[in-house]
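**Q** One structure, pasted below without further comment.
The values are calculated or read from the model by the stated rules, or taken from the named source; none is laboratory data. All values derive from a computational prediction rather than experimental measurement. In this analysis, Cβ positions are derived from the backbone assuming ideal geometry, glycine residues included, and neighbour counts consider all displayed protein chains. Note: accessible area is taken over every heavy atom of the protein model, side chains too, but ligands, DNA and RNA are not part of it. Shrake-Rupley method; radii C 1.70, N 1.55, O 1.52, S 1.80 Å.
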Amino acid sequence: AGKSTVSITVVGASGDLAKKKIFPALFALYYEDCLPEDLDVKFFLSKTYNDLLPSKWSDNLLLLLVSALYYLWENCSEKMEQFLNRCFYHSGQYDSQQNFVELDKKLKEHEAGRVANRLFYLSIPPNIFVDAVKCASLSASAANGWTRVIVEKPFGRDSESSAALTRALKQYLAEDQIFRIDHYLGKELVENLSVLRFSNLIFEPLWSRQYIRNVQLIFSEDFGTEGRGGYFDHYGIIRDIMQNHLLQILALFAMETPVSLDAEDIRNEKVKVLRSMKPLRIDDVVIGQYKSHTKGGVSYPGYTDDKTVPKDSLTPTFAAAALFIDNARWDGVPFLMKAGKALHNRRAEIRVQFRHVPGNLYNRNFGTDLDRATNELVIRVQPDEAIYLKINNKVPGLGMRLDRSNLNLLYKARYSKEIPDAYERLLLDAVEGERRLFIRSDELDAAWSLFTPVLKELEEKKIIPEYYPYGSRGPVGAHYLAARYNVKWGDIG
Ligand code: BG6
């Protein structure tokens, strides 16, 4: 039987994402022998002439750079060498068909008449996606295996530009060839959400408006836009984090039981949830922007101190929002999102606050604040991955005093194996043609329709963000927003 080959071409090999995420992930997969054995994987690196690296750099230099700087694994020099032997460097422009013809020739040499499968990872700015896809597809001569293309957000800035991008890509690719990455879907605890819900008896029956008071999706980073101000200012935190990462988590959290674990079945359920949601209203969103702050003699820059950001920028670096799902399961339950840069910590988590226990015999133990007595399930996506459930417990002793304690599943304590990076899982899935963790175009459309109206309104009305000091807990407006729905953020206090 004819052997098949897979080549992975990283288009944009000297970019930040390639260096920080894609190469390390590829090497880790190779190191762990995760790439299919019967496949002959070749990695092609491709870049433009006007990139950061001088174009005269030879293959070896680029490869050395890759290995030396970005993956300092211990005791892996042999594997590293084998890995590097499979890497080829091809220099050229993304929008030059001639360049892709040459790449095609090189790929052919390696494929040597076998079934040829090609995976392209477009690690390039979105305004050149379409040109690169066009050149790649026009120049590929009759690939007899599959061709897949991984693309990374931003997928436009709103419904219209996203739809235009999809239309343009679909001139050259079928939907099932487009692998849209949302790397949060590759995170261990996000993948585990469905396991938690659907393979335990005790959660799913409680997973509705009947028992859940509110759900909180929280993302915070303790650094600013350092170095990425140019990109960020064009998008802002709602597009950068909420419309994709947090909304994807919400969809997995709230979807109905899928018919099976097949990609289409899961994505059908996700898109149903998204389409059952009301577009975010401007009254249900609070925006913020960080300003400079001096702490312990160190001064931290404000967002607009970044040279690549206009001085009068109103782009939000923080946002809090309340969203609702109009279906039988979730009617009236607020889903609160909060995302911000330059806050006091780095964390991503899901918090599920359950309702008060009715007629609780022990209510008097909590004084007037029954919120303090409700069960809360926390899924900490990062760092220190964990799932814990806050329960009320009797403090041991002769009296009758209750306190809240945690049933705690701390990954570090429970599992010794390191958790793979999201990009490892996603790259492997793309090689294997597993689409479950990639975003289908109807999901993308639905996601944009929830945020496009409010984004337009914020921008047209030039709404001024609430300023918050670098390293703080963000604008106080987030608390007022939550309070309107009788909610307290679970991550505070
Ligand atoms: C990216 C955003 O999608 O996710 C960045 O563009 C953000 O602004 C990053 O910093 C966070 O990813 P992670 O995996 O470090 O939490």
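**Q** Does at least one position in the stretch 391-405 carry a residue that is within 16 Å of the ligand (Cβ to nearest atom), exposed (fewer than 14 other Cβ atoms within 10 Å of the Cβ) and touching a residue at least 12 places away in the same chain (Cβ under 8 Å)? Spell out the reasoning first.
**A** Step one: of the stretch 391-405, the residues within 16 Å of the ligand (Cβ to nearest atom) are none.
Checked against the condition, which is being within 16 Å of the ligand (Cβ to nearest atom), exposed (fewer than 14 other Cβ atoms within 10 Å of the Cβ) and touching a residue at least 12 places away in the same chain (Cβ under 8 Å), the stretch 391-405 yields no hits at all.
**Q** Being farther than 21 Å from Glu457 by Cα and not in a loop (DSSP other than H, G, I, E, B) is the filter here, so list the residues in the stretch 302-320 that pass it. Before you say what the answer is, go through the steps one by one.
**A** Filtering the stretch 302-320 for residues farther than 21 Å from Glu457 by Cα gives 302-309, 311.
Within the stretch 302-320, Tyr303, Thr304, Asp305 qualify.
**Q** Please tell me if Gly288 is within 16 Å of the ligand (Cβ to nearest atom), assigned to a strand (DSSP E or B) and out of contact with any Lys or Arg (no Cβ under 6 Å at 6 or more places or on another chain). Steps first, answer last, please.
**A** Working: within 16 Å of the ligand (Cβ to nearest atom): yes; assigned to a strand (DSSP E or B): yes; out of contact with any Lys or Arg (no Cβ under 6 Å at 6 or more places or on another chain): yes.
Yes, satisfied.
**Q** Restricting attention to the stretch 187-243, and to residues there that are away from the ligand (no atom under 16 Å from the Cβ) and charged (D, E, K, R), which single residue is nearest to Lys311 (Cα to Cα)?
**A** Arg213
**Q** Let me ask you something else. Which condition from (1) surrounded by 18 or more Cβ atoms within 10 Å (Cβ to Cβ); (2) in contact with a helix residue (DSSP H, G or I) (Cβ under 6 Å, 6 or more places away or on another chain) is the one that Asp95 breaks?
**A** The failed condition is (1).
**Q** Tally up the residues in the stretch 344-363 that are within 16 Å of the ligand (Cβ to nearest atom) and open to solvent by less than 10 Å² (accessible area, probe 1.4 Å), please.
**A** Number of matching residues: 3.
**Q** Restrict the check to the stretch 364-380 and report whether at least one residue is within 16 Å of the ligand (Cβ to nearest atom) and not in a helix (DSSP H, G or I).
**A** Initially, the stretch 364-380 is screened for residues within 16 Å of the ligand (Cβ to nearest atom), giving 379-380.
Then keep just the ones that are not in a helix (DSSP H, G or I); that gives 379-380.
Yes: the stretch 364-380 contains one or more residues that are within 16 Å of the ligand (Cβ to nearest atom) and not in a helix (DSSP H, G or I).
**Q** Another question, then. I'd like to check which helices (runs of 4 or more DSSP H) are fully inside the stretch 60-160 and have at least 3 residues that are at pLDDT 80 or above. Explain how you work it out, then say what you get.
**A** Values: elements: 77-85, 97-111, 129-139.
So the answer is 97-111, 129-139.
**Q** How many of the residues in the stretch 348-390 are of a type in the set (Val, Ile, Thr), touching a residue at least 12 places away in the same chain (Cβ under 8 Å) and over 16 Å from Ile202 (Cα atoms)? Spell out the reasoning first.
**A** Of the stretch 348-390, the ones of a type in the set (Val, Ile, Thr) are 350, 352, 357, 368, 374, 378-379, 381, 387.
If we keep only those that are touching a residue at least 12 places away in the same chain (Cβ under 8 Å) too, we end up with 350, 352, 357, 374, 378-379, 381, 387.
Filter again for over 16 Å from Ile202 (Cα atoms), leaving 350, 357, 374, 381.
Residues that pass the stated criteria total 4.
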